[in-house]
Amino acid sequence: MECAKCVEVWVKPGREDEFLAATKANRNATLQEAGCFKFHILKDGANPSHFFLFEAFYSLEAAKRHKSTGHYLSWKLAVESLMARPRNSRIIGLVAGYDLLGRELCSWAEIL
């Protein structure tokens with residue numbers, strides 16, 4: 001079953017560019033993983049230091065494997081000192097959406 005994560009990050013003011021550089025590198029590497037099909041970096045329109053990361057994987061196991069990759073561990077270390085507070089992460093369920101090939105994904109029947 002597919003799974004997605006939404007990660008909320010508050011970055012220290014003035015450190016947004018450093019955070020984005022590290023996060024974009026992690027995003028690019030994560031999208032090369034066989035189990036990941038989507039990774040968006042989103043910024044709060046009202047607060048330039050408030051970000052959301054949306055990551056979608058083909059399975060919960062793929063999401064768990066991601067957290068042991070070198071690029072994720074490097075990202076985690078690189079951004080830890082840039083955060084204004086600990087990040088908040090949760091597994092969420094997809095009601096409707098598409099993967100990178102345009103295939104509809106509607107099998108997420110519950111919030112995990």
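The values are calculated or read from the model by the stated rules, or taken from the named source; none is laboratory data. Treat the numbers as computed from the prediction; the structure is a model and nothing was measured. So basically every Cβ, Gly included, is an ideal-geometry build from the backbone, and we count neighbours across all protein chains shown.
Miscellaneous remarks
- Neighbours by Cβ (under 9 Å, 6+ apart or cross-chain): first from the stretch 50-64, under 12 Å from Val7 (Cβ atoms); second in a helix (DSSP H, G or I) and among the polar types (S, T, N, Q): Phe51/Thr23; Leu53/Thr23; Leu53/Asn26; Glu55/Thr30
- Glu33 under 20 Å from Thr69 (Cβ atoms), without any contact (Cβ under 8 Å) to a residue 40 or more places away in the chain, touching a helix residue (DSSP H, G or I) at 6+ places or on another chain (Cβ under 9 Å) and surrounded by 13 or more Cβ atoms within 10 Å (Cβ to Cβ): yes
- Filtering the stretch 29-64 to residues that are hydroxyl-bearing (Ser, Thr, Tyr) and either within 17 Å of Trp10 (Cα to Cα) or at pLDDT 95 or above (or both) leaves Thr30, Ser49.
- Residue identified as in a loop (DSSP other than H, G, I, E, B), touching a Phe, Trp or Tyr at 6+ places or on another chain (Cβ under 9 Å) and either modelled with pLDDT of 95 or more or not basic (Lys, Arg) (or both) among Leu112, Leu101: Leu101
- Residues of the stretch 73-91 satisfying the condition of being out of contact with any helix residue (DSSP H, G or I) (no Cβ under 6 Å at 6 or more places or on another chain), under 24 Å from Phe37 (Cβ atoms) and either of a type in the set (Lys, Arg) or surrounded by 12 or more Cβ atoms within 10 Å (Cβ to Cβ) (or both): Leu73, Ser74, Lys76, Arg87, Ser89, Arg90, Ile91
- From Phe19, Phe54, Phe39, residue being assigned to a helix (DSSP H, G or I) and of a type in the set (Phe, Trp, Tyr): Phe19
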